[in-house]
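Read-outs: derived from the displayed coordinates by stated rules, not from any lab. Fair warning: this is a prediction, and the values are worked out from it, not measured in the lab. Cβ placement follows ideal geometry from the backbone for every residue including glycine, while neighbour counts extend to all protein chains displayed.
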Amino acid sequence: MTVPREVESEIRVLYFGEHLPVGTIAAQLGVHADVVRRVAGLLAPRTGSPPRSRLVDPVRGVIEELLGRYPKLRATRLFDMVRLRGYQGSVRTLRDHVRLVRPRPMREAFLRLSMLPGEQAQVDWAHAGRITVPGGFRDLWLFVMVLSWSRAAWGEFVLDISAWSLLRSLQRACSYFGGTPREWLFDNAKVVVLERHGRAVRFHPLLLDLAGEYAVRLGLCGVRKPHEKGRVERHNRFLRDRFLAARVIHSVEQGNRELLAFFDDIALPRPHPTLPGRTVRDCFEEERGRLLPLPATPVCTDQILPVNVDKTAFCRFDKNSYSVPSDHAEGTLTLVADDTRVRLLDGQTEVACHARSFGRQQIVEAPEHREALLARKSAAQEPRGRDRLRAQVPGIDTLYERWVNVGRNLGSMTTRTLTLLDRYGPELLAAAVVEILGRGMHDPGALDSFCEQRRRALHAPVPLEIPLSDHVRDREVVPHNLETYDEESRQKS
């Protein structure tokens, strides 16, 4: 029984000062005699039953030793190890014991940093899912650079995260900001750091060259410490919640267009997280004047490498094949590529230029290369029409597969399709092929109808030539007022 402190004090006075018996004190104060004995210290200590043995007791030492060496060892793995040493209990019993004796990790204190305007920018990539490309899928990445003081950011979607792609994105980010801060802070990605051991770091040589041109210092986070670039990490989360959520990215061009509008309309006008009463745009305008100026001439960020040309006059690059003139078959050329085009050089002479494809196993062929090769090969005259369609109309191979599956005559189909190619041109026919494939159709009449519909939508002239003899002098018919015929008829009457 618990009694107030005043009662306990009175019990001690009556027992030790007045030497009254326990019963008298209990009767006078209205408490139980055991309360008086407890306060006076007359109760003998209660002896409990001896502790009950547990199933984990025989292996407790082994468990503590293993957890001391491997603090993150899972309880199920420990169960497999101690069962061989005679443990008879269950996994649940062992898991409850491990939860109590597992060493606790040391808490790490984080240092709050404050940046000066124009001092630092933090760089990172965020995985944004996958998009469909010709021949399969590709991972879609979001490059982001954030100015540490103002929190202004720029980013772009890319399908390539190589060192050359990093250089292009860095250059575009600095052009967007109108200058560059004094430090770029990265994590330890392979396109940034080739080797690292403690404080010894070997940066990628291409990144070092670009940093030298921009007079920028390269900084690195600690290994497995992404919180050291928390500003860009928080901005990535902001983009995931406010931009990527419930949004479907169909292409890089569409994603970058919408992302740039998001930066201008939402990201920049938002309140600054640490400077009350100011927006990110206000701080960015102030920080812009503190940035280092850009180089006078843009730095070359093209990927340059030698490539071998096979015997079919194609060279491989980034999972795709690009055509070159047949004169360079089984030779070596210099490939110069950025994210929009691929050029092939013989010394200083450009022999081929193609739009870069980010598909998989695609054949990018210039029609003039195929025509020149067919002109030299008399034995190749038979498949010439089909090769011409393949070179000028992407996706025609899929249509050929459908014609084979339904039993159509490929020679007849090739002739009809070549007629459409000559009549409407490669662009209209290619768009019609995409539409007929998207609808799951294969009828050549539908292909002709789609071509005509697109011609009318573009208000293009009717692709019909009327042959006229050489004696016809005026081939252009000038329309005139038909009422003149009525006047002539009335005069004759």
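Structural remarks
- Each Lys and Arg adds +1 at its Cβ and each Asp and Glu adds -1 at its Cβ; summed about the Cα centre, region 179-284 shows a dipole of about 480 debye.
- Estimated dipole of the chain in Debye, rounded to 20 [Cβ of Lys and Arg +1, of Asp and Glu -1, Cα centre]: 3220 debye
- Computed helical MRE - 222 nm, the chain, DSSP H runs ≥ 4 contributing -39500 (n - 2.57), nearest 500: -11500 deg cm²/dmol
- Amide H contacts under 5 Å for residue 360, placed H, 5+ residues apart: 135, 136
- Whether region 57-101 is rounded, prolate or oblate, judged on the alpha carbon gyration tensor where a/c under 1.5 counts as rounded: rounded
- Positive dipole terminus of the chain, leading residue within 304, 444, 163 (C-beta point charges): 163
- Its Cα centre serving as origin, region 57-101 has a Cβ charge dipole (Lys and Arg +1, Asp and Glu -1) of approximately 200 debye.
- Once the Cα gyration tensor of region 51-203 is diagonalised, semi-axes √(5λ) in Å: 50, 22, 14
- Comparing 280, 189, 453 along the charge dipole axis of the chain, the residue lying farthest to the positive side is 189, per the Cβ-charge model.
- Tensor-based shape of region 121-288 (alpha-carbon gyration tensor, a/c under 1.5 rounded, otherwise prolate or oblate): oblate
- Which label in (1) 1.30; (2) 0.96; (3) 1.27 gives the computed Rg/Rh (Cα atoms, Kirkwood Rh): (3)
- Nearest 10 degrees, 0 to 90: helix 396-405 Cα axis against the chain principal axis: 90 degrees
- Dipole-positive endmost among 129, 206, 426 within the chain (Cβ charges, Cα centre): 129
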